[in-house]
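**Student:** Handing you this structure, nothing more for now.
The values are calculated or read from the model by the stated rules, or taken from the named source; none is laboratory data. As the structure is a prediction and not an experimental result, all values here were calculated from the model. Please note: Cβ atoms are built from the backbone with ideal geometry, for glycine as well, and neighbour counts cover all protein chains shown.
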Amino acid sequence: MNAISKSFHGIHANQDINLVVESGEILGLLGENGAGKTTLMNILYGLYQPDSGQIKINGNPIRINNPVESITHGIGMVHQHFMLIQNHSVIENIALGYKDTPFFFPKISIRKKVEQFSKQFDFHMDTEKKVWQLSAGEQQRVEIIKALLNGADLLILDEPTSVLTPLEIKELIAIMREMKAKGHMIIFISHKLDEIMDICDRVVVLQKGKIAGSADTRNTDKKALARMMVGRDVVFNINRERLTRGERVLSIENLNVFGEKGFQVVKNISFDLFKNEIFGIAGVSGNGQRELAEAITGIRPIASGKVTINGKDITNTSPRHIYDNGVSHVPEERIRFGIAPGLFLYDNAILKQHHLKKFSKRYFLNYSQVKHHTNTIVDRFKVSTHSINNQIRNLSGGNIQKLILGREISEQPQLLVASHPTYGLDVGATEFLRKHLLHLRKQGSSVLLFSEDLEEIFELCDRVAVIFQGEFMAILDSDDERFSDIGLMMAGSKRI
Ligand SMILES: Nc1ncnc2c1ncn2[C@@H]1O[C@H](COP(=O)(O)OP(=O)(O)O)[C@@H](O)[C@H]1O
Ligand SMILES: [Mg+2]
């Protein structure tokens with residue numbers, strides 16, 4: 001790609017970008033949320049036309065008007081949000097996107113091909129399943145197979161690991177290595193330094209729409225890449241100050257909760273949480289974390305057991321009542337449940353808080369206060385938007401996350417229930433958020449932190465409970481020597 005530029009409403013998403021991919025290499029495209037990675041790749045995939053610049057394949061200038069044309073040039077792309085039809089089976093989805101689908105008995109011939117590919121790349125794939133029955137990892141594999149079947153020499157993966165569990169990430173990496181061994185090129189988009197260092201041969205760093213640098217991964221390190229990406233030094237290991245914990249804030253007694261499908265997903269869980277404490281819940285997602293968080297914050301009914309805040313029983317009371325008692329919640333699916341997509345940024349910045357005195361003038365909202373508050377969040381969290389008078393649905397996922405986080409933690413809650421708060425955030429925002437959680441802790445808040453990221457757990461938590469299939473395997477102090485076994489306990493293979 002030569003001198004590619006693209007802007008939206010006067011914002012330069014890509015500015016004068018040169019990018020080369022060589023055959024047989026895995027190229028990392030690294031950059032914070034909003035750096036312009038997806039835009040650049042959408043141009044290569046033919047979804048957008050550049051304002052200026054040129055694309056060449058094997059030295060020949062080409063014009064890619066749409067994704068169908070990019071496929072004929074051997075370019076495939078797996079988007080961050082999958083584009084499969086939920087009610088169709090795997091095989092039907094593949095047949096729909098396949099350029100050579102035969103008219104008669106299409107499923108039979110395609111199934112043969114899929115089986116052949118699955119074997120070659122060591123996939124496991126049940127082609128009869130409907131897409132809605134598949135995990136994120138399986139859906140991603142369907143997208144990858146689709147691209148490979150269409151003859152993709154160059155496969156673009158847009159933040160492929162952001163939707164996967166740690167185990168699925170390992171499987172994806174194995175698939176990528178296999179593809180490379182077979183001569184495919186891959187452009188791997190990520191904002192996670194460890195992954196880039198682990199998987200890529202070379203890395204190109206974007207910052208605010210421009211190339212900030214590039215390097216062979218052999219000759220660079222995380223620190224240097226982070227500096228290129230953020231434009232300053234980033235602290236990876238924040239020191240957690242020793243604090244004596246204060247009085248009890250949250251108390252959970254013998255909690256039992258049922259999930260959507262009617263199964264019990266939280267089984268007799270009990271624990272206390274104190275002032276000046278971060279209590280972590282470590283576990284692979286899907287082991288009852290979401291339901292536990294929802295039960296505490298009033299979104300999901302509690303079958304039996306008791307939740308108390310500052311000695312007050314709040315079991316099965318409304319989310320608003322629980323919020324008014326000092327509990328804030330950063331939900332797991334924040335994009336789906338944390339925002340009103342059609343409303344402006346400033347409306348979303350005070351959702352649930354609009355009744356607070358400081359935001360109201362008699363019966364009306366005090367918009368200048370609301371906007372001031374929104375600007376503060378946008379500023380502190382570096383939400384990338386051209387204006388706070390923008391509908392929130394126009395923001396990228398990472399930026400929506402930042403706004404919701406800013407909203408939920410800005411009020412100094414007594415208890416913050418945070419589900420995977422750094423999921424989908426770039427390093428700069430992650431650093432800010434982690435520091436902020438420690439700041440809240442120092443100011444006397446309690447934090448209940450749900451995370452799959454062990455590094456994060458080790459860095460932030462005073463105590464950690466490991467959850468597996470709805471039960472606590474153990475509750476450990478951070479100085480417990482068994483702390484290092486958390487990984488094993490998360491897999492259910494060890495109980496203390
Ligand atoms: N379709 C679009 N309309 C308006 N602005 C857009 C559009 N797509 C991307 N942008 C803006 O372009 C910039 C780069 O976005 P993007 O390429 O998605 O970044 P990344 O993938 O690195 O997170 C952001 O400021 C984003 O808001
Ligand atoms: Mg993107």
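**Student:** Somewhere in the range 299-313, is a residue outside any helix (DSSP H, G or I), touching a helix residue (DSSP H, G or I) at 6+ places or on another chain (Cβ under 7 Å), within 15 Å of Glu408 (Cβ to Cβ) and in the same structural domain as Ile404 (by TED's automatic domain parsing)?
**Tutor:** So in the range 299-313, the residues outside any helix (DSSP H, G or I) come out as 299-313.
Going one step further and asking which of them are touching a helix residue (DSSP H, G or I) at 6+ places or on another chain (Cβ under 7 Å), we end up with 299-300, 302, 307.
From the residues that got through so far, the ones that are within 15 Å of Glu408 (Cβ to Cβ) too are 299.
Then drop every residue that is not in the same structural domain as Ile404 (by TED's automatic domain parsing), which leaves 299.
Yes, there is a match, as at least one residue in the range 299-313 is outside any helix (DSSP H, G or I), touching a helix residue (DSSP H, G or I) at 6+ places or on another chain (Cβ under 7 Å), within 15 Å of Glu408 (Cβ to Cβ) and in the same structural domain as Ile404 (by TED's automatic domain parsing).
**Student:** Scanning for something within 16 Å of ligand 2 (Cβ to nearest atom), touching a Pro at 6+ places or on another chain (Cβ under 7 Å), within 30 Å of Glu332 (Cα to Cα) and modelled with pLDDT of 80 or more, does the range 131-144 turn up at least one residue?
**Tutor:** yes
**Student:** Is one or more of the residues making up the range 69-76 among the aliphatic types (A, V, I, L, M), modelled with pLDDT under 95 and surrounded by fewer than 13 Cβ atoms within 10 Å (Cβ to Cβ)?
**Tutor:** For the range 69-76, residues among the aliphatic types (A, V, I, L, M), modelled with pLDDT under 95 and surrounded by fewer than 13 Cβ atoms within 10 Å (Cβ to Cβ): absent.
**Student:** Would you confirm whether any residue within the range 209-222 is under 21 Å from the mean Cα position of the chain (by Cα), surrounded by fewer than 16 Cβ atoms within 10 Å (Cβ to Cβ) and closer than 22 Å to Gly487 by Cα?
**Tutor:** For the range 209-222, residues under 21 Å from the mean Cα position of the chain (by Cα), surrounded by fewer than 16 Cβ atoms within 10 Å (Cβ to Cβ) and closer than 22 Å to Gly487 by Cα: absent.
**Student:** Report those strands (runs of 3 or more DSSP E) wholly inside the range 10-67 carrying at least 2 residues which are more than 15 Å from ligand 1 (Cβ to nearest atom) and more than 26 Å from Glu195 (Cβ to Cβ). Quick ask: steps written out before the conclusion?
**Tutor:** Details: elements: 11-17, 26-30, 52-57, 60-62.
Fully inside the range 10-67 and qualifying: 52-57, 60-62.
**Student:** For the range 267-300, which residues satisfy the criterion of being closer than 20 Å to Lys352 by Cα and surrounded by fewer than 17 Cβ atoms within 10 Å (Cβ to Cβ)?
**Tutor:** Ile299
**Student:** Being in contact (Cβ under 8 Å) with a residue 40 or more places away in the chain, part of a strand (DSSP E or B), more than 21 Å from Val230 (Cβ to Cβ) and of a type in the set (A, V, I, L, M, F, W, C), is that true of even one residue in the range 393-411? Walk me through how you get there before you give the answer.
**Tutor:** Of the range 393-411, the ones in contact (Cβ under 8 Å) with a residue 40 or more places away in the chain are 393, 395-409, 411.
Retained after the next criterion (residues that are part of a strand (DSSP E or B)): none.
No, there is no match, as no residue in the range 393-411 is in contact (Cβ under 8 Å) with a residue 40 or more places away in the chain, part of a strand (DSSP E or B), more than 21 Å from Val230 (Cβ to Cβ) and of a type in the set (A, V, I, L, M, F, W, C).
**Student:** Please give the number of the condition Val284 fails out of (1) touching a residue at least 40 places away in the same chain (Cβ under 8 Å); (2) in a loop (DSSP other than H, G, I, E, B); (3) farther than 13 Å from Ser451 by Cα.
**Tutor:** (3)
**Student:** Mind checking which pairs have a first residue in the range 38-65 that is at positive phi and a second that is within 13 Å of ligand 1 (Cβ to nearest atom), Cβ under 6 Å, 6 or more apart or different chains?
**Tutor:** Gly53/Ile4; Gly53/Ser5
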